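Enquirer: This structure is in structure tokens; I'll ask about it shortly.
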Amino acid sequence: MTDKPFKIAIAGLGTVGAGVAQLLNMNHDHIKQRCGRQVLLNAVSARSKNKDRGFGIEKFQWFDNPLQMVTLDVDLIVELIGGADGVAYDLVKAALQNKKQVVTANKALIATHGEELAEIAESNGVNLMFDAAVAGGVPILHGLRDGVCANKVSSFMALLNGTCNFILTTMAATGRSFEDVLKEAQDKGYAEADPSTDVDGFDTAHKLAILATIGFGIKPDLDHMYVEGIRDIKADDLSNAAVLNRNIKLVGMAKYHKGKVVQYVYPALLPVSHPLADVPGNKSAVLVTGDYVGDLLFLGAGAGQNPTASSVVSDIMYVARGEKSLPFNIPVQNLSDSLPTEILEREGAYYLHIVVAANADIEKGVLPEIETILSEHDISLEELVRAGPAGASGQDLCFTTSSTQEQVFLNLLEKIREIAEVISIRFIRME
Ligand SMILES: NC(=O)c1ccc[n+]([C@@H]2O[C@H](COP(=O)([O-])OP(=O)(O)OC[C@H]3O[C@@H](n4cnc5c(N)ncnc54)[C@H](OP(=O)(O)O)[C@@H]3O)[C@@H](O)[C@H]2O)c1
């Protein structure tokens, strides 16, 4: 045990920042015992000095401008402002350039500028830690860096966005529409006023990029991912999925396909027996497959003040104990280029929802015609979920297909669209 306290400064005292300050205070003695030294919060910064944060800020040095903290006599700076660019980026970069250790929970920053920032951290011999950036309170990055590092990872499959998980779980349980449940999530504070980052899949993509970088040793590159969100999921897709003994989840996946790492974010039908199918709305989960360990499931609170503070403070304690690791586990210069993910090369099965004219004869006309087109594409109809009236506007024809390549599947859809009685088609991928 050293007498010298480990001094830190926190930029950002919102949900996570306030949680970190409170955890450091509440578990002060416990943290001291486990670090072998005191962890001392010296300085803080936020936009408004007068806001009630649930704890007193008088005993800390206050900074209106967090960039002024990088020259302070502190060992570590915690960035909890958020955003890929702007002050969060400027602060982390300047702190690392000033040889300060850095802990952040900012996935957008690491997914966008991680390579550059990790390079500065490495050349200045300091830690850049970001465990809370992926799956909040779930210690997935520590698990990958330390617990799984002997393995060659072959795949990640993960539920990484609480808002999407809440919306899809609630839609399935209540039969309500996406718009209706999104509004409830916004009213309850689970979803942002502008929900695009969450529901269009970008938040999941940021976290997946970080997982893929640590797991596969490839550079984080958001442009090389395929990203699709959940806005087009309808309540009857979820009820039809239930008939198929499946749930619909927004999944992030990274795996080897034809010798390269592909990275997908899309809503998918998962069998109810799948480890991710029943993950509740407030949890995140990452299923990792390693060549020696097999499947490992990391599951827990993916967001929220206390769980996220838990991850941030664990990172702080790791550094305070004098431990050191490379931000992405291998030197940045050894990361290989990520290659573009071609969704047309995806192989898998599909769920189809076709709306057919009200006066069409599905059984004797449309369905046999579709089956002929399917067999011309070497695809079979696996399970017929629904064939019948869907109000005055038409009839529903819902079924699943055998596995095929997405390009072949899209060619098939073009042919089905040519059938005169077909009004519209939508599909969801199956895993
Ligand atoms: N919330 C979660 O559950 C969660 C989970 C995992 C990761 N994260 C990540 O953690 C980070 C923080 O999230 P959060 O939910 O705590 O955000 P938040 O509640 O919006 O807090 C942001 C904080 O940053 C401060 N801030 C904004 N601009 C600033 C500036 N120019 N200078 C100084 N301070 C500034 C704000 O000050 P004022 O308070 O004065 O406005 C506020 O205290 C983000 O990167 C987020 O992605 C959050």
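The values are calculated or read from the model by the stated rules, or taken from the named source; none is laboratory data. Model, not experiment: these values are computed from the prediction. Using ideal geometry, Cβ is built from the backbone for each residue, glycine included, and neighbour counts are taken over all protein chains shown.
Enquirer: Give the residues of the range 52-79 that are within 11 Å of the ligand (Cβ to nearest atom) and either of a type in the set (Phe, Trp, Tyr) or modelled with pLDDT of 95 or more (or both), sorted by residue number.
Expert: The answer is Trp62, Phe63, Asp64, Asn65, Pro66, Leu67, Gln68, Met69, Val78, Glu79.
Let's see how each residue does on (1) out of contact with any strand residue (DSSP E or B) (no Cβ under 6 Å at 6 or more places or on another chain); (2) in contact (Cβ under 8 Å) with a residue 60 or more places away in the chain:
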{"site": "Glu345", "(1), (2)": "yes, yes"}
{"site": "Val356", "(1), (2)": "no, yes"}
{"site": "Ile362", "(1), (2)": "no, no"}
{"site": "Pro368", "(1), (2)": "yes, no"}
{"site": "Asp378", "(1), (2)": "yes, no"}
{"site": "Asp396", "(1), (2)": "no, yes"}
{"site": "Ile428", "(1), (2)": "no, yes"}
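Enquirer: Can you go through Ile419, Ile379, Ile428 and tell me which one is over 22 Å from Glu228 (Cβ atoms) and of a type in the set (Val, Ile, Thr)?
Expert: Ile419
Enquirer: Being without any contact (Cβ under 8 Å) to a residue 40 or more places away in the chain and among the aliphatic types (A, V, I, L, M) is the filter; apply it to the range 257-279 and report the residue that is nearest to Asn240 (Cα to Cα).
Expert: Filtering first and then ranking leaves Val272.
Enquirer: Looking at the range 307-328 only, could you name the residues that are within 19 Å of the chain's Cα centre (by Cα) and within 13 Å of the ligand (Cβ to nearest atom)?
Expert: Hits for the range 307-328 are Pro307, Thr308, Ala309, Ser310, Ser311, Val312.
Enquirer: Also, I was wondering about something else. Can you tell me how many residues in the range 118-149 are under 24 Å from Gly201 (Cβ atoms) and surrounded by 24 or more Cβ atoms within 10 Å (Cβ to Cβ)?
Expert: Looking only at that region, the number is 11.
Enquirer: I would also like to ask the following. In the range 217-238, how many residues are under 16 Å from the mean Cα position of the chain (by Cα), of a type in the set (A, V, I, L, M, F, W, C) and not in a strand (DSSP E or B)?
Expert: 3
Enquirer: So which of Met157, Met225 is under 26 Å from Cys398 (Cβ atoms) and surrounded by 22 or more Cβ atoms within 10 Å (Cβ to Cβ)?
Expert: Matching residue, one of Met157, Met225: Met157.
Enquirer: Quick one: in the range 2-41, which of the residues that are within 16 Å of the ligand (Cβ to nearest atom) and free of Cβ contacts under 8 Å to residues at least 60 places away in the same chain is nearest to Ala303 (Cα to Cα)?
Expert: Selected residue: Ala21.
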